[in-house]
1. So which pairs qualify, if the first residue must be in the stretch 179-192 and farther than 18 Å from ARG163 by Cβ and of a type in the set (Phe, Trp, Tyr), the second must be away from ligand 1 (no atom under 11 Å from the Cβ) and assigned to a helix (DSSP H, G or I), the Cβ gap must be under 9 Å, and the two must be at least 6 apart or on different chains?
2. Does ARG92 meet the test of being out of contact with any Ser or Thr (no Cβ under 7 Å at 6 or more places or on another chain) and open to solvent by 80 Å² or more (accessible area, probe 1.4 Å)?
3. In the stretch 104-119, which residues are within 11 Å of ligand 2 (Cβ to nearest atom) and either of a type in the set (Asp, Glu) or open to solvent by 20 Å² or more (accessible area, probe 1.4 Å) (or both)?
4. Name the single residue, out of those in the stretch 120-143 being within 16 Å of ligand 2 (Cβ to nearest atom) and among the β-branched types (Val, Ile, Thr), that is nearest to TYR39 (Cα to Cα).
5. If I ask for residues that are open to solvent by less than 10 Å² (accessible area, probe 1.4 Å) and assigned to a helix (DSSP H, G or I), which ones from the stretch 299-309 would you list?
6. Checking ARG280 against (1) modelled with pLDDT of 90 or more; (2) touching a Gly at 6+ places or on another chain (Cβ under 8 Å), which single condition isn't satisfied?
7. Of the residues that make up the stretch 171-182, is at least one open to solvent by 10 Å² or more (accessible area, probe 1.4 Å), away from ligand 2 (no atom under 12 Å from the Cβ) and under 15 Å from the mean Cα position of the chain (by Cα)?
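The values are calculated or read from the model by the stated rules, or taken from the named source; none is laboratory data. None of the values given here were measured: they were computed from a predicted structure. Using ideal geometry, Cβ is built from the backbone for each residue, glycine included, and neighbour counts are taken over all protein chains shown. Surface areas here come from the heavy atoms of the whole protein model, side chains and all, with no ligands, DNA or RNA. Shrake-Rupley method; radii C 1.70, N 1.55, O 1.52, S 1.80 Å.
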Amino acid sequence: METPEIIGGALPDWAIGTGGDTRFTWDYDGGNERLLNLYRKGKQRQWDAELRLDWSHEVDPDDPLGLPDEFVWISDSDLWRDLPEREKTTVRRHMAGWLYSQFLHGEQGALICSSKVVQTVPDLDAKFYAATQVMDEARHVEVYQRMLNTKIGIRYGLSTGLRDLLDTIIRDERWDITYLGMQVMIEGLALASFSIQRDRVRDPLARALNAYVLQDEARHVAFGRLALRDYYRELSSSELREREEFALEACWSLRDRFAGEEMWRHLDYGADECIRLARRSPAMREFRRRLFSRIVPTLRDINLFGPRMQEGLTRLGVLGFSQLDGAEISAEDERIAEEIARMEMLGRSREVADVIARGENDDDRRDARQEANDG
Ligand SMILES: [Fe+2]
Ligand SMILES: [Fe+2]
């Protein structure tokens with residue numbers, strides 16, 4: 001397999017102490033029916049990335065994702081308008097490299113966290129489900145690695161924002177913090193980023209790949225929602241407050257620390273200015289809207305929605321998203337992926353584009369509704 005250009009050199013090995021006890025259970029007879037259903041679905045919806053995606057497709061080497069200009073974070077500036085076309089190509093290629101590298105590293109984080117959940121979660125039904133997730137996450141690592149190596153050709157190291165978050169949730173002794181950090185916060189980041197790729201980039205391989213990964217992620221979030229909702233009913237108010245604090249801190253970090261910082265420093269068109277432009281770009285606003293439309297309804301559903309949380313979400317300017325129905329959004333992700341798979345089998349590529357366009361319109365309608373609610 002090809003080796004990509006590695007920006008910043010090879011990463012040193014990273015070893016973190018894993019917090020929490022490994023638990024056995026002797027209760028083989030119980031089981032929450034909804035969790036077991038999700039486990040059944042997890043088994044039935046396995047797919048082979050090698051067969052399901054058309055890897056023979058050749059991407060445009062100058063613009064491997066087919067990234068519309070408005071999704072280049074600095075495009076709303078004189079800096080971008082004055083850049084020679086050759087440099088714009090460099091930015092497009094590096095943005096694809098930086099983004100998909102974070103997807104890749106994040107997926108490895110998910111692989112490790114879901115296997116940690118298998119060990120530390122008390123109940124057998126949850127261990128069963130988490131085991132299907134381990135396989136899903138391995139597949140996700142596989143597809144992003146293959147996309148980077150064979151199509152994009154540039155790989156970046158782990159961003160500091162993602163590293164800090166992963167470090168916290170893997171080290172923590174409480175199994176539910178691994179869940180909350182991974183299944184709600186980082187999965188929320190994934191859902192926002194992948195849905196933008198699915199709906200907005202032009203390259204058909206990138207669109208299909210992200211649609212299929214999203215279908216799996218929608219199940220993972222549903223799992224987090226089910227398991228945490230039950231568990232958080234049992235916690236004391238001071239224990240809940242700790243979780244709310246952790247979640248709010250993660251919200252700020254997801255909001256502000258994923259703007260390609262390492263990439264702008266590497267490219268150096270004036271890194272500080274580029275980071276500033278990226279953080280307030282229209283593309284970043286869309287990212288945040290999608291991010292919080294996934295995270296906030298889940299926080300409400302799992303009962304992390306006390307006065308302190310609501311005050312924090314108000315400060316973030318995202319409390320309005322609590323009105324959305326998280327389960328409905330996940331069901332829509334599943335529906336789009338299923339329709340794409342069905343049509344690909346029929347070889348009707350034009351219709352694939354139509355389905356994605358319809359999904360886009362649904363998202364736009366939801367965004368418009370949301371903006372109206374936000375006033
Ligand atoms: Fe994943
Ligand atoms: Fe996942």
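1. Going by the 9 Å Cβ cut-off, the qualifying pairs are TYR179/VAL117; TYR179/ILE169; TYR179/PHE223; TYR179/GLY224; TYR179/ALA227; TYR179/LEU228; TYR179/TYR231.
2. Here the answer is no, as ARG92 does not meet what is asked.
3. GLU107, LEU111
4. Ranking the candidates gives THR132 first.
5. LEU299, MET309
6. Every listed condition holds for ARG280 apart from (2).
7. No - not one qualifying residue is present in the stretch 171-182.
Yes/no per residue for (1) closer than 26 Å to ILE170 by Cβ; (2) among the basic types (Lys, Arg):
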position	(1), (2)
THR22	yes, no
ARG34	no, yes
LYS43	no, yes
PRO61	no, no
